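*Asks:* The structure is given below, and queries will be raised subsequently.
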Amino acid sequence: MSGPPPPGRRSYRVRHRTTYDYDHPVTDSYGLAHVRPRDLPWQTCREHELVVSPEPQDASTSLDFHGNTRAYFHLTEPHTRLEVTATSVVDVDAPTYAAPALEQPWERCRPATRPDVDDAWSARGMVLASPRVELVDAATAYALVSFTPGRPVGEALTELCSRVHADFAYDKAATTVTSRVPDVLERRAGVCQDFAHLTVACLRGLGLASHYVSGYLATTPPPGRERVVGADATHAWASCWVPGAAWAAVDPTNDAWADERYVTTGWGRDYGDVPPVKGVIFTDGGGSRLDVGVDVAPLDDPEPAPAAPSVGVEGGIDLGLHR
């Protein structure tokens, strides 16, 4: 990975459908969804619609602690299928970073040492451990290989991202949604959620502030092949607070800086703050089937077909089951 991307701009229609089929009727269902793309200096959500079926008896939207849009819904009508479909139209630019900001020594990017920077106080919370990101010595030692004394923060971020990509295998069978940073370090494998958590742990262990970022990545088909509808997936990456450059975002899964292909829905301490859909159901049965489909279609494409099951969905829905 050579460094931050050049400026670019894309517009997408994002369709994200989550369906749960239950073996027995569900009498009550409470849900939260983080599926609306954020409005950011480099991203604008022009349209957004969230449809829940059956129709909720109560629904609302609000901003969570991190400024992400959170949709709440409550169903009291007995149902054996729950379907949550979000459709958005979003414009995305490649974030740009001032060269002097990325050239400063990484030690100058610790928010605890920068009281002269206005937003340093708010970034300090992202230096702490969180439920899914432990600050383990092994992660800090791994990061120090790239973050040598006085090295420019942009260079160090680039190398750390490339090393995670090279050293850890993408393997869906290696971890689960509950896996932690020590598990990833031991198995040297995982998925995008794991690599984002590991990168966040590496940065926080050095006293740097880091977000876990959730969203979508528009995929490019092989030359001569049409884009496959439904082949896009929910995705996760990491960002680092850099004075003068806000939050610099890198994707260790793909060894890339986030550019105009990345649609951001939210960020937080870890996955637990921004799962696409989570909730609680009440039922006498224990069986259920999950189907998640995501499609990120450039707006110059024809109207996309209904989202097909995605081939790389991380997380999806997190529903607690109670009798």
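The values are calculated or read from the model by the stated rules, or taken from the named source; none is laboratory data. None of these values were measured; they are calculated from a predicted model. Every residue, glycine as well, gets a Cβ built from its backbone with ideal geometry; the counts of neighbours run over all protein chains shown.
Matching residues to (1) exposed (fewer than 13 other Cβ atoms within 10 Å of the Cβ); (2) touching a helix residue (DSSP H, G or I) at 6+ places or on another chain (Cβ under 6 Å); (3) closer than 30 Å to residue 158 by Cα:
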| residue | (1), (2), (3) |
| --- | --- |
| 42 | no, no, yes |
| 59 | no, no, no |
| 63 | yes, no, no |
| 74 | no, no, no |
| 89 | no, no, no |
| 93 | no, no, yes |
| 97 | no, no, yes |
| 101 | no, no, yes |
| 107 | no, no, yes |
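*Asks:* Considering only strands (runs of 3 or more DSSP E) fully contained in segment 1-73, which possess at least 1 residues that are aromatic (Phe, Trp, Tyr)?
*Replies:* Values: elements: 9-33, 43-53, 58-63.
Hits in segment 1-73: 9-33.
*Asks:* What number of residues within segment 207-222 satisfy the criterion of being buried (at least 22 other Cβ atoms within 10 Å of the Cβ) and over 16 Å from residue 273 (Cβ atoms)? Working first, answer last.
*Replies:* From segment 207-222, those buried (at least 22 other Cβ atoms within 10 Å of the Cβ) are 208-217; that's our starting set.
Narrowing the set further to residues that are over 16 Å from residue 273 (Cβ atoms) leaves 208, 216-217.
Matching residues across segment 207-222 total 3.
*Asks:* Quickly run through segment 173-191 and pick out the residues that are surrounded by fewer than 23 Cβ atoms within 10 Å (Cβ to Cβ) and either touching a residue at least 60 places away in the same chain (Cβ under 8 Å) or touching a Leu at 6+ places or on another chain (Cβ under 9 Å) (or both). It would help to see each step written out before you state the result.
*Replies:* The first filter runs over segment 173-191 and keeps only residues surrounded by fewer than 23 Cβ atoms within 10 Å (Cβ to Cβ), leaving 173-180, 182-183, 185-189.
Across segment 173-191, the qualifying residues are 177, 185.
*Asks:* Starting from segment 133-159, take each residue that is under 14 Å from residue 107 (Cα atoms) and list its partners that are surrounded by fewer than 18 Cβ atoms within 10 Å (Cβ to Cβ) and of a type in the set (Val, Ile, Thr), counting only C-beta distances under 8 angstrom and pairs at least six apart or across chains.
*Replies:* Going by the 8 Å Cβ cut-off, the qualifying pairs are 156/148.
*Asks:* Only one of (1) farther than 15 Å from residue 136 by Cα; (2) at pLDDT below 95 fails for residue 213. Which number is that?
*Replies:* Here residue 213 meets the rest and fails (2).
*Asks:* For segment 225-252, how many residues meet the condition of being modelled with pLDDT of 75 or more and more than 25 Å from residue 160 (Cα to Cα)? Full working, then the answer.
*Replies:* Restricting attention to segment 225-252, the residues satisfying the condition of being modelled with pLDDT of 75 or more are 233-252.
Checking which are more than 25 Å from residue 160 (Cα to Cα) leaves us with none.
Total meeting the criteria: 0.
*Asks:* For residue 66, work out the one condition from (1) in contact with a Ser or Thr (Cβ under 8 Å, 6 or more places away or on another chain); (2) within 30 Å of residue 147 (Cα to Cα); (3) not β-branched (Val, Ile, Thr) it doesn't fulfil.
*Replies:* Failed condition: (1).
*Asks:* Inspect segment 137-153 for any residue being within 21 Å of the chain's Cα centre (by Cα), modelled with pLDDT under 95 and either over 30 Å from residue 28 (Cα atoms) or surrounded by 15 or more Cβ atoms within 10 Å (Cβ to Cβ) (or both) and give the result as yes or no.
*Replies:* No: segment 137-153 contains no residue that is within 21 Å of the chain's Cα centre (by Cα), modelled with pLDDT under 95 and either over 30 Å from residue 28 (Cα atoms) or surrounded by 15 or more Cβ atoms within 10 Å (Cβ to Cβ) (or both).
So that you can scan it fast, the table gives a plain yes or no per residue for (1) over 24 Å from residue 102 (Cβ atoms); (2) not basic (Lys, Arg):
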residue: 204; (1), (2): no, no
residue: 208; (1), (2): no, yes
residue: 215; (1), (2): no, yes
residue: 220; (1), (2): yes, yes
residue: 242; (1), (2): no, yes
residue: 266; (1), (2): yes, yes
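*Asks:* Can you name the condition, by its number, that residue 246 falls short on among (1) in contact with a helix residue (DSSP H, G or I) (Cβ under 6 Å, 6 or more places away or on another chain); (2) aliphatic (A, V, I, L, M); (3) within 17 Å of residue 3 (Cβ to Cβ)?
*Replies:* (1)
*Asks:* Separate question: In this structure, is residue 260 in contact with a strand residue (DSSP E or B) (Cβ under 6 Å, 6 or more places away or on another chain) and surrounded by fewer than 24 Cβ atoms within 10 Å (Cβ to Cβ)? Working first, answer last.
*Replies:* Values: in contact with a strand residue (DSSP E or B) (Cβ under 6 Å, 6 or more places away or on another chain): yes; surrounded by fewer than 24 Cβ atoms within 10 Å (Cβ to Cβ): yes.
Against the criterion (in contact with a strand residue (DSSP E or B) (Cβ under 6 Å, 6 or more places away or on another chain) and surrounded by fewer than 24 Cβ atoms within 10 Å (Cβ to Cβ)), residue 260 qualifies.
*Asks:* Could you list, in sequence order, all residues of segment 74-113 that are part of a loop (DSSP other than H, G, I, E, B), at pLDDT 95 or above and not polar (S, T, N, Q)? First the steps, then the outcome.
*Replies:* Restricting attention to segment 74-113, the residues satisfying the condition of being part of a loop (DSSP other than H, G, I, E, B) are 76-78, 94-98, 104, 110.
Next, from what is left, pick out any that are at pLDDT 95 or above: 104, 110.
Scanning segment 74-113 gives a single hit, 110.
*Asks:* What pairs come out if I take residues in segment 258-274 that are under 16 Å from residue 297 (Cα atoms) and pair them with residues that are aromatic (Phe, Trp, Tyr) whose C-beta lies under 6 Å away, six or more apart or interchain?
*Replies:* 263/216
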